[in-house]
Every structure is written in structure tokens, then in C-alpha cells.
Amino acid sequence: MALFGIYEISKILTTPARLEVALSNVVNVLTSFLRMRRGMIVVLDDPGEIEIVATAGWTRQGGGRAIDCLPRGVIDRIVATATPLVVHDVATDPLFAEAEAAMAEGSGARVSFLGVPIKVADKVVGTLSIDRIWDGQTLFRIDDDLRFLSMVASLAGQTVRLHRILAADRQRLLDERGAFEKALGNELAQRTRSPAPKVDGIVGDSAPVKRVLATIAVVAKSNSTVLLRGESGTGKELFARAIHDLSPRKHKPFVKLNCAALPESVLESELFGHEKGSFTGAVATRAGRFEMAHGGTLLLDEIGEISPAFQAKLLRVLQEGEFERVGGNKTLKVDVRLVCATNKNLEEAVAKGEFRADLYYRINVVPVFLPPLRERPGDIPQLARAFVERFNAENGRHLAIATSGMEMLKRCYFPGNVRELENCVRRTATLAHGEQIVAADFACHSGNCLSALLWKSAPKPPATPDPIDVLASGAVAVAPTPDWGVPPAVAASAPVAAPSAGGSEIPAGLCEHAADPACPALGGRQSERDRLVDAMERSGWVQAKAARLLGLTPRQIGYALKKHDIELKRF
């Protein structure tokens, strides 16, 4: 029974939760394994004052606190002697002279008290105590109870130690980030009038892009971990590459890995490497991505998708800078600048226990939020022209976007951001017949993608507060998240026709999707949910096929299905 109790308590203490919650659960579980009446765990801070009190079975009469019923002298005795305290009858012990009535609570029987110290290393940081009533019907073995309580106190002491290490580490990271933000603010203030650095692959001169570029130009000079946050398709990999190219590590390797693309077993081998014969198929020793990126930069994309078990392994590498290959026992040390990227709400994942809080604080040293394309509409023409020029160079053509076509692109929502814009331009350029890409070409060749997304100005999503402000107090809270899914459907009562090159409406015959109620030539009378269900029905409820029909990505289809609460059909 004692071993089973230790097992249950260890599960509680290893579950991610606030310290006071975990200790309260431990005291409640103790009532199932000890024939006790009441229990109490007291944790003291460094000066010796009471910091946390977790109780079970105590009644708070008159609005008083449970800790007031236990004399402070009892706690001081256990702390001072660092040994267990056993009182067979509290009515005859001078330590309980002032609290005899509170301890007895009208039971009329003999009440005994057992208390053990909670230690961290050689220092006592608290006490664990219980009391019970001797009714003459139950026999107790004090030695067995003390041994069991001492084991529980040892586990509680280790939990207190780990929580305090985490709190100190979090505070250090907060201080480091505060100092870095202050220096960053001063640096940005000096660069207000200076042009943003030019980075290969990043197109745009809007204010949001300039702010991000100015920020990473300062961030790149240090070795601090950077967390790139933003919607899918905003170019997180390009900005990560920019951080590397602007840093002193630019002549060293830049290694990237998509954490969501690999299962946990393969991901461990990819990051840490493996030894020959460590598993089936390991015919030779292989270096992992950490070794490949030694001296340079490692990008971990979709960091929010890794499993909790692998999060613990990754945390050790980030804290100590050392690891072992899969199947190996030799510890390797690396010098890597880490850049992480995610489009997931990590604060919500931490609150749900899906993402470790200590890993969150470790990677969220310098967060950089990348603006979605709807917040930088002035960059759409530059991006579209750049994509057309790239297409021309790759295919030996001489296409250009007409004014009407560019005006149509400016009015799109583009939930897939820059990636969706590139796909839209490439698809239309591939199917275009003339040298000028006009509005009719985009309306026809981009299919339901543009048909569903045109003719509506997307509402600006609410700003996401800085997660470090939300979590600075130590309490994990869920930060509001912008709606990163498919945009709202076009209102059927306000149809708008697509302009053609000559400024007139597009005739139905010009659009190959004219038979589709979502076609702009028909005013988009079908709701977004209906179009989504229709596409899923036509594709046999295969999301990838439906994505191709709508000109979207499978990820966006998944967001849309979840948004409209559409249940997938299984065949």
C-alpha cells in the first residue's frame, strides 16, 4: 500500500501544475493511504516566513486560517531540529497548550500529531504533518507512518526545489529580456531615420516590414534565442535566414528543420544524430542537425508541434548545450544560435499542459511578431511583380500584370499570406494566354480561391498582447489569439462584380467556374460554409483534394472545417 501511495503521489508531483496546487493534491491523496483526520504541508521562503500552506480536513471556523490552528512553535521545532516530531496526546504537550481546543475540535478522544521536515539538500524548507484520533478501535504503527511521511516529504522537497529553479530561471530570462529590450529600444530610436537593412528574399517597404527588419538587425548581433511568431505563410524561414545573415555567424552553417514534418522517433535522430547499429537501418554513424549547425544558426520551425516527451529532451540541450546521439553514450557539446518559429498560441498550449512552461521561457527570449499580408497591403504589388519575374526567369516568358489584375490582387484577403499570393500568381501565369495578366485571368484561373476571398475588406484581427506580460507574474494565462483561419463569407446581399481590363464586369463566359455559384460573375451567392461543404463532397471528404479544388492549402482547409464546426465523414 505504501509503494502504491508513493507511486500515486509521484504522478501528482510530476504533472505540470502550480506548486500550491500540486501540494494540495498530495495532502488530499494522503487521506486515502493514512488513517488520518487532517493533514498540512507548509513551505517556508528563504527568510523563514510561511510561503505556501496546503491542507486537507481542516475547517475554517470564524473566517480564520487553517495555519492558525497549528502553533508556530511546532513548525519551528521541526525546522530547527530537522527531525520528525511525534506527539501522542496534544492535550498533554506544552507545544499545543494554546491550540488544544482547535486541534481536538470537540472530538473528546485523544489526538496525536506526526510531523516530518521537508528538505532541499540539507536545508529544511517546510513541514509535512498529520493528526489522528485514537478511538481504541484502530491500531497505528508510528514507525511505518513516519517512514511513509518521510518518503513523501522527500518527493515534495524535490518538487519545491525544481519549482524554485524554474522560477529563478524564468526571472533571469525576464531580466535578460528586459535589458535586451531596453538596449533594443535605444538602438531602434537611433535608427528611426536610417533605412532598413536590405535582405535577400524579403520584398516590401511597408512600415510593418521595416519595423521587423530593424528589430532583427539589432537582434542578430547577439546570441539570444529568437522566437518568430506569425501566421502560416508570412515568411518565418526567410526572416530566420535574415537573422543568420546579419549576425556574426553568417559564415557558419544555417540549418533548418520542420519539427511538424517528422514523428518523434525520427525527429530525435534528425536533431541529435545516431550511432551505427542504434536501430534498424542505422548502417553508419550520422551527425544530427545540432552538430551540423555548430558555430552557426539552427531554425526549428513549428516548434509548438513537438510532443511533451521530446520537449524535455530538447530543454536539456538548450540549457546545457550538450546531448548524446541516439544509441550513444558520449556527451557532445555544441555552440548553436537557436531560432524557433511557430504559428501556434504557445500561451494557450502552456495553460492546457500541452507545452512545457520551462521550455516556453527558454525559447521566448526575444519574440518577433511577423505581420500578415493583410496588414501590409502596400507590399502586394511588389510581391506580385517579384513572383512574376521569377516565373518568367524560370519559364522563359515575358508576362506582366496589368493594372486591373493588380487592383484585383489588392482586394484579396489572402489567409495564406505571401505563400498563397505566390501560388495565386504562379497558377494564373501558368494558364495565362497573353502577355498581360488582367483581372479576368485571375478571376478565372485562380478558381474558387479568389472567388471566395475577393470583394470584402477583411476585418483587422485584435492585437495579440505580449505573452511575457501575461506570464510575468508566474501564472500561466491564455493570451487572445487572432483569427488565423479562413475569412468570413461574402454577404450574399451585397454582391460585387469583378472589374475587367476595360473597367466593365466580367461576362460569365470568361470564367471557367461560371457554373459555380461562388463565381464572382454570379455575385458569390453561395456562403463560405456551403462552398466548403460542396468542395468536400466533390472530393470524397479528402481534405487535400478539397484544398486543390478551392485553391487553398490543406492547413487552411483544416482551419476552415474547425471554424465552421464541420464534422468529417468517414467512409
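The values are calculated or read from the model by the stated rules, or taken from the named source; none is laboratory data. Quick caveat, the model's predicted, so the values are computed rather than measured. FYI the Cβ positions are ideal-geometry reconstructions off the backbone, even for glycines, and counts take in every protein chain you see. The area values use the complete protein model at the heavy-atom level, side chains included, leaving out ligands, DNA and RNA. Shrake-Rupley method; radii C 1.70, N 1.55, O 1.52, S 1.80 Å.
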Can you tell me which of V86, V74, V111, V29 is surrounded by fewer than 20 Cβ atoms within 10 Å (Cβ to Cβ) and either at pLDDT below 85 or not in a strand (DSSP E or B) (or both)?
-> V29
Quick one: is R390 within 20 Å of E237 (Cα to Cα) and without any contact (Cβ under 8 Å) to a residue 24 or more places away in the chain?
-> yes
Are any residues in segment 139-170 modelled with pLDDT under 85, in a helix (DSSP H, G or I) and open to solvent by 50 Å² or more (accessible area, probe 1.4 Å), and if so, which ones?
-> D143, D144
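Listed here are the residues, each with its yes/no results for (1) modelled with pLDDT of 85 or more; (2) buried (at least 16 other Cβ atoms within 10 Å of the Cβ); (3) farther than 17 Å from L370 by Cα.
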residue	(1), (2), (3)
K182	no, no, yes
G185	no, no, yes
R193	no, no, yes
V199	no, yes, no
G204	no, yes, no
A207	yes, no, no
T215	yes, yes, no
Looking at (1) modelled with pLDDT under 80; (2) among the hydrophobic types (A, V, I, L, M, F, W, C); (3) in contact with a Leu (Cβ under 9 Å, 6 or more places away or on another chain), can you tell me which one I506 breaks?
-> (3)
How many residues are under 29 Å from V219 (Cβ atoms), of a type in the set (S, T, N, Q) and out of contact with any strand residue (DSSP E or B) (no Cβ under 9 Å at 6 or more places or on another chain) when one looks only at segment 247-293?
-> 0
Give the residues of segment 529-555 that are out of contact with any helix residue (DSSP H, G or I) (no Cβ under 7 Å at 6 or more places or on another chain) and either closer than 26 Å to K344 by Cα or aliphatic (A, V, I, L, M) (or both), sorted by residue number.
-> R529, V533, W541, V542, K545, R548, R555
Sort out which residues of segment 401-436 are farther than 25 Å from P372 by Cα and without any contact (Cβ under 8 Å) to a residue 60 or more places away in the chain, and write them in order of number.
-> T430, L431, A432, H433, G434, E435
Give me a count of the residues in segment 362-415 that are surrounded by fewer than 17 Cβ atoms within 10 Å (Cβ to Cβ) and hydroxyl-bearing (S, T, Y).
-> 1
